[in-house]
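The values are calculated or read from the model by the stated rules, or taken from the named source; none is laboratory data. All of these numbers come straight from a predicted model, not from anything done at the bench. For accessibility, only protein heavy atoms count, side chains too; no ligands or nucleic acids. Shrake-Rupley method; radii C 1.70, N 1.55, O 1.52, S 1.80 Å.
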Amino acid sequence: MEQIKELSPYSSHYIIPHNQKKARRHGLILYNSADRSGAEVEAQNLKQALETAGNEVIKMEWSSANELHSMIESAVGGILDKCSLLVFCLMAHGSRGVIQGEDGRKIPVNDIFHQLNLLLPTHLPLVRS
(Lines give C-alpha, C1' and ligand atoms only; values in the text may rest on other atoms or scores of the structure.)
Protein backbone atom coordinates (compact mmCIF):
# COMPACT_ATOMS: atom_id res chain seq x y z
CA MET A 1 0.00 0.00 0.00
CA GLU A 2 2.90 2.33 0.66
CA GLN A 3 4.04 2.00 -2.96
CA ILE A 4 0.55 2.86 -4.22
CA LYS A 5 0.49 5.95 -1.97
CA GLU A 6 3.88 7.06 -3.26
CA LEU A 7 3.12 6.52 -6.95
CA SER A 8 -0.50 7.69 -7.12
CA PRO A 9 0.29 11.45 -7.39
CA TYR A 10 2.26 10.73 -10.58
CA SER A 11 -0.50 8.88 -12.46
CA SER A 12 -4.07 9.65 -13.44
CA HIS A 13 -4.82 5.90 -13.35
CA TYR A 14 -5.33 3.62 -10.37
CA ILE A 15 -2.11 1.70 -9.76
CA ILE A 16 -2.46 -2.05 -9.31
CA PRO A 17 0.64 -3.57 -7.72
CA HIS A 18 2.15 -6.61 -9.42
CA ASN A 19 2.59 -8.35 -6.07
CA GLN A 20 -0.94 -8.75 -4.67
CA LYS A 21 0.10 -10.52 -1.43
CA LYS A 22 -0.55 -7.47 0.74
CA ALA A 23 -3.43 -6.04 -1.30
CA ARG A 24 -6.70 -6.72 0.50
CA ARG A 25 -10.16 -6.34 -0.93
CA HIS A 26 -13.03 -5.45 1.34
CA GLY A 27 -16.78 -5.31 1.02
CA LEU A 28 -19.06 -3.22 3.21
CA ILE A 29 -22.78 -4.00 3.09
CA LEU A 30 -25.08 -1.63 4.96
CA TYR A 31 -28.74 -2.56 4.66
CA ASN A 32 -32.05 -1.36 6.05
CA SER A 33 -34.87 -3.88 6.47
CA ALA A 34 -37.69 -1.43 7.25
CA ASP A 35 -40.62 -2.37 4.98
CA ARG A 36 -38.22 -4.56 2.98
CA SER A 37 -39.15 -8.20 3.41
CA GLY A 38 -36.25 -10.38 2.40
CA ALA A 39 -33.65 -7.66 3.03
CA GLU A 40 -31.65 -9.88 5.40
CA VAL A 41 -31.55 -12.74 2.89
CA GLU A 42 -30.62 -10.35 0.08
CA ALA A 43 -27.78 -8.86 2.15
CA GLN A 44 -26.55 -12.34 3.12
CA ASN A 45 -26.56 -13.46 -0.54
CA LEU A 46 -24.56 -10.36 -1.48
CA LYS A 47 -22.11 -11.06 1.35
CA GLN A 48 -21.56 -14.61 0.13
CA ALA A 49 -21.01 -13.40 -3.44
CA LEU A 50 -18.43 -10.80 -2.36
CA GLU A 51 -16.64 -13.37 -0.19
CA THR A 52 -16.57 -15.81 -3.12
CA ALA A 53 -14.94 -13.05 -5.16
CA GLY A 54 -12.16 -12.80 -2.55
CA ASN A 55 -13.35 -9.89 -0.41
CA GLU A 56 -13.35 -9.64 3.37
CA VAL A 57 -16.92 -8.51 4.09
CA ILE A 58 -18.58 -6.53 6.86
CA LYS A 59 -22.40 -6.64 6.85
CA MET A 60 -24.42 -4.37 9.15
CA GLU A 61 -28.06 -3.38 9.46
CA TRP A 62 -28.84 0.30 9.97
CA SER A 63 -32.09 2.07 10.83
CA SER A 64 -31.52 5.84 11.14
CA ALA A 65 -29.45 8.40 9.26
CA ASN A 66 -27.24 9.07 12.28
CA GLU A 67 -26.64 5.37 12.77
CA LEU A 68 -25.74 4.95 9.09
CA HIS A 69 -23.14 7.72 9.17
CA SER A 70 -21.62 6.31 12.37
CA MET A 71 -21.46 2.79 10.90
CA ILE A 72 -19.73 4.05 7.78
CA GLU A 73 -17.16 5.93 9.82
CA SER A 74 -16.38 3.03 12.17
CA ALA A 75 -16.30 0.33 9.46
CA VAL A 76 -14.17 2.31 7.02
CA GLY A 77 -11.86 3.48 9.79
CA GLY A 78 -11.24 -0.11 10.80
CA ILE A 79 -10.02 -1.24 7.37
CA LEU A 80 -8.23 1.80 5.93
CA ASP A 81 -4.68 0.70 6.68
CA LYS A 82 -5.13 -2.64 4.92
CA CYS A 83 -7.57 -1.83 2.11
CA SER A 84 -6.67 -1.81 -1.57
CA LEU A 85 -10.29 -2.02 -2.82
CA LEU A 86 -13.60 -1.30 -1.13
CA VAL A 87 -16.90 -2.48 -2.57
CA PHE A 88 -19.52 -0.37 -0.81
CA CYS A 89 -23.13 -1.60 -0.91
CA LEU A 90 -25.97 0.46 0.52
CA MET A 91 -29.41 -1.13 0.56
CA ALA A 92 -32.59 0.75 1.47
CA HIS A 93 -35.83 2.17 0.15
CA GLY A 94 -35.68 5.59 -1.38
CA SER A 95 -36.33 7.64 -4.45
CA ARG A 96 -34.17 9.45 -6.98
CA GLY A 97 -31.03 10.61 -5.19
CA VAL A 98 -32.13 9.83 -1.62
CA ILE A 99 -32.50 6.84 0.68
CA GLN A 100 -34.77 6.67 3.67
CA GLY A 101 -34.26 5.31 7.17
CA GLU A 102 -36.85 3.84 9.50
CA ASP A 103 -37.24 7.26 11.11
CA GLY A 104 -38.53 8.65 7.78
CA ARG A 105 -35.54 10.97 7.38
CA LYS A 106 -34.25 11.15 3.83
CA ILE A 107 -30.51 10.94 3.26
CA PRO A 108 -29.07 12.30 0.00
CA VAL A 109 -26.87 9.67 -1.63
CA ASN A 110 -24.36 12.43 -2.38
CA ASP A 111 -23.96 12.90 1.40
CA ILE A 112 -22.81 9.28 1.60
CA PHE A 113 -20.38 9.76 -1.30
CA HIS A 114 -19.07 12.94 0.35
CA GLN A 115 -18.50 11.10 3.64
CA LEU A 116 -16.64 8.29 1.83
CA ASN A 117 -14.58 10.84 -0.08
CA LEU A 118 -13.48 12.41 3.21
CA LEU A 119 -12.71 9.05 4.87
CA LEU A 120 -10.93 7.20 2.08
CA PRO A 121 -7.32 8.00 1.24
CA THR A 122 -6.71 9.86 -2.01
CA HIS A 123 -4.92 6.89 -3.61
CA LEU A 124 -8.16 4.85 -3.50
CA PRO A 125 -10.42 5.96 -6.37
CA LEU A 126 -14.08 6.67 -5.68
CA VAL A 127 -16.21 5.19 -8.44
CA ARG A 128 -19.93 5.86 -8.42
CA SER A 129 -22.84 3.95 -9.86
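Which percent of the accessible area of the stretch 62-126 is formed by carbon and sulfur heavy atoms (probe 1.4 angstrom)?
Solvent-exposed carbon and sulfur of the stretch 62-126 make up 50 percent of the total.
If DNA, RNA and ligands are ignored and the probe is 1.4 Å, what is the ranking of Ser8, Ser70 by accessible area, most exposed first?
Ser70, Ser8
Under the rule of at least 5 residues apart or a separate chain, name every residue whose amide H is placed under 5 Å from the amide H of Lys59.
Sorted by chain and number, the residues that satisfy this are Ile29.
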